[in-house]
Amino acid sequence: MTPDFLILSRQVNLLGCGFRFPPASPETESVLAFFALPAWAESWPGVAAADLAPLVPQLRSPDRGAITMAWQRLFAGPGAYPAPPWGSIYLDPDQVLRGGSTVALSRFLQREGLHLHTDSPEPPDHLGLMLFQAAVLAEENRQAALAELLDVHLLSWLPLFVRRLSQGESGGFYPALAELTLMTVQNAVAALKKPA
């Protein structure tokens, strides 16, 4: 069964906002408002309710001060990030930004006519940016390109990111968001690979 691509587009866009923008931003405020809804898990198709159940309390109404401190520690610095949100850190033998996997992703985005719109020269393999590109492909129902982006370019490192994030931040909003992202992407890829 193929996923509902409009719903998948909204899901990955929401997840992307959670990783791309700081907690006080309007984008992340929308993410937090969504997860504060009592029945959000019921409107998250593609992931089993039993898998979502342990994440619901961690995503619902997190302490704003704690989430801001976690964002700073995990994604903004100063200091080393426990789980950098860029794919090349996990895929490049030297664990550097803009490694070979970033080049491959850039070629894919160029081939597919996808353009990043950022305020800074961010590498395109940032988790949030990749989820935004997946949202565009899902909304446009470009199944083959979506499957390639998710399976080849994102799932190649997303489980490593989730593991490191969980090790660097036990419990809380961001590890739960990462788990939800992984399950959503894995289930979308599985559905895209199933014969029609």
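The values are calculated or read from the model by the stated rules, or taken from the named source; none is laboratory data. Keep in mind that this is a model prediction, so the values were computed, not measured. All Cβ positions, glycine included, derive from the backbone under ideal geometry; neighbour counts span all protein chains shown. Ligands, DNA and RNA are stripped out before the accessible areas are found, and what is left, the full protein with its side chains, is counted by its heavy atoms. Shrake-Rupley method; radii C 1.70, N 1.55, O 1.52, S 1.80 Å.
Checking the conditions here, which among Phe75, Phe34, Phe19 is out of contact with any strand residue (DSSP E or B) (no Cβ under 7 Å at 6 or more places or on another chain), surrounded by fewer than 20 Cβ atoms within 10 Å (Cβ to Cβ), assigned to a helix (DSSP H, G or I) and among the aromatic types (Phe, Trp, Tyr)? Break it down stepwise before answering.
Working: Phe75 fails: surrounded by fewer than 20 Cβ atoms within 10 Å (Cβ to Cβ); Phe19 fails: surrounded by fewer than 20 Cβ atoms within 10 Å (Cβ to Cβ).
It is Phe34.
Looking only at the stretch 81-94, how many residues end up being open to solvent by 50 Å² or more (accessible area, probe 1.4 Å), more than 15 Å from Leu154 (Cβ to Cβ) and within 20 Å of the chain's Cα centre (by Cα)?
Here is the first cut: in the stretch 81-94, the ones open to solvent by 50 Å² or more (accessible area, probe 1.4 Å) are 81, 91, 93-94.
Now narrow it down to the ones that are more than 15 Å from Leu154 (Cβ to Cβ): 81, 93-94.
Among the residues that remain, those that are also within 20 Å of the chain's Cα centre (by Cα) are: 81.
Of the residues in the stretch 81-94, 1 are open to solvent by 50 Å² or more (accessible area, probe 1.4 Å), more than 15 Å from Leu154 (Cβ to Cβ) and within 20 Å of the chain's Cα centre (by Cα).
Of all residues being among the aliphatic types (A, V, I, L, M) and either at pLDDT 95 or above or not in a helix (DSSP H, G or I) (or both) in the stretch 37-51, which is most open to solvent (accessible area, probe 1.4 Å)? Just the residue, please. Let's see the steps before the verdict.
Just the residues of the stretch 37-51 that are among the aliphatic types (A, V, I, L, M), to begin with: 37, 39, 41, 47-50.
So of that shortlist, the ones also either at pLDDT 95 or above or not in a helix (DSSP H, G or I) (or both) come out as 37, 39, 47-48.
Details: Leu37: 87, Ala39: 46, Val47: 15, Ala48: 53 Å².
Ranking the candidates gives Leu37 first.
Step by step: first the residues of the stretch 113-139, then only those that are part of a loop (DSSP other than H, G, I, E, B) and open to solvent by 40 Å² or more (accessible area, probe 1.4 Å), then the one that is modelled with the highest pLDDT. Which residue is that? Can you show your working first?
So in the stretch 113-139, the residues part of a loop (DSSP other than H, G, I, E, B) come out as 113-125.
When the remaining residues are screened for being open to solvent by 40 Å² or more (accessible area, probe 1.4 Å), the result is 113, 115-121.
Details: Gly113: 92, His115: 87, Leu116: 83, His117: 77, Thr118: 74, Asp119: 74, Ser120: 73, Pro121: 77.
My answer is Gly113.
Hey, does the stretch 94-110 have a residue that's in contact (Cβ under 8 Å) with a residue 24 or more places away in the chain and β-branched (Val, Ile, Thr)?
Looking only at the stretch 94-110, we keep the residues that are in contact (Cβ under 8 Å) with a residue 24 or more places away in the chain, and these are 97-98, 101, 104-105, 108-109.
With β-branched (Val, Ile, Thr) added as a condition, the list becomes none.
Among the residues of the stretch 94-110, not one is in contact (Cβ under 8 Å) with a residue 24 or more places away in the chain and β-branched (Val, Ile, Thr), which makes the answer no.
Conditions: (1) more than 16 Å from the chain's Cα centre (by Cα); (2) in a loop (DSSP other than H, G, I, E, B); (3) not aromatic (Phe, Trp, Tyr). Leu109 meets all but one. Number of the miss?
Unmet condition: (2).
Mind listing just one residue for me: the one in the stretch 170-188 that is of a type in the set (A, V, I, L, M) and open to solvent by 10 Å² or more (accessible area, probe 1.4 Å) and, of those, nearest to Ala76 (Cα to Cα)? So that I can check it myself, show each step before the final result.
The initial filter retains those residues of the stretch 170-188 that are of a type in the set (A, V, I, L, M), namely 176-178, 180, 182-183, 185, 188.
Those still in the list that are open to solvent by 10 Å² or more (accessible area, probe 1.4 Å) too: 182-183.
Numbers: Leu182: 22, Met183: 25 Å.
Filtering first and then ranking leaves Leu182.
Here are some residues: Ser156, Ser166. Which one is of a type in the set (Ser, Thr, Tyr) and not in a helix (DSSP H, G or I)?
Working: Ser166 fails: not in a helix (DSSP H, G or I).
From the options Ser156, Ser166, the qualifying one is Ser156.
Looking at the stretch 53-72, is at least one residue open to solvent by less than 50 Å² (accessible area, probe 1.4 Å), under 20 Å from the mean Cα position of the chain (by Cα), within 20 Å of Pro123 (Cβ to Cβ) and not hydroxyl-bearing (Ser, Thr, Tyr)?
Yes, the stretch 53-72 contains a residue that is open to solvent by less than 50 Å² (accessible area, probe 1.4 Å), under 20 Å from the mean Cα position of the chain (by Cα), within 20 Å of Pro123 (Cβ to Cβ) and not hydroxyl-bearing (Ser, Thr, Tyr).
Among (1) surrounded by fewer than 17 Cβ atoms within 10 Å (Cβ to Cβ); (2) touching a Ser or Thr at 6+ places or on another chain (Cβ under 6 Å); (3) over 24 Å from Gly113 (Cβ atoms), which single condition is Gln167 missing?
Failing condition for Gln167: (2).
Got a number for residues in the stretch 55-72 being within 13 Å of Ala176 (Cβ to Cβ) and part of a helix (DSSP H, G or I)?
Residues meeting the conditions: 7.
Tell me which of these Pro85 doesn't satisfy, since it passes every other one: (1) touching a His at 6+ places or on another chain (Cβ under 6 Å); (2) without any contact (Cβ under 8 Å) to a residue 60 or more places away in the chain.
Evaluating Pro85 over (1) touching a His at 6+ places or on another chain (Cβ under 6 Å); (2) without any contact (Cβ under 8 Å) to a residue 60 or more places away in the chain leaves (2) as the failure.
For Leu8, state whether it is more than 24 Å from Gly168 (Cβ to Cβ), open to solvent by less than 70 Å² (accessible area, probe 1.4 Å), out of contact with any Asp or Glu (no Cβ under 8 Å at 6 or more places or on another chain) and in a helix (DSSP H, G or I). Give the derivation first.
Values: more than 24 Å from Gly168 (Cβ to Cβ): yes; open to solvent by less than 70 Å² (accessible area, probe 1.4 Å): yes; out of contact with any Asp or Glu (no Cβ under 8 Å at 6 or more places or on another chain): yes; in a helix (DSSP H, G or I): yes.
Considered against the rule, which asks whether it is more than 24 Å from Gly168 (Cβ to Cβ), open to solvent by less than 70 Å² (accessible area, probe 1.4 Å), out of contact with any Asp or Glu (no Cβ under 8 Å at 6 or more places or on another chain) and in a helix (DSSP H, G or I), Leu8 comes out as yes.
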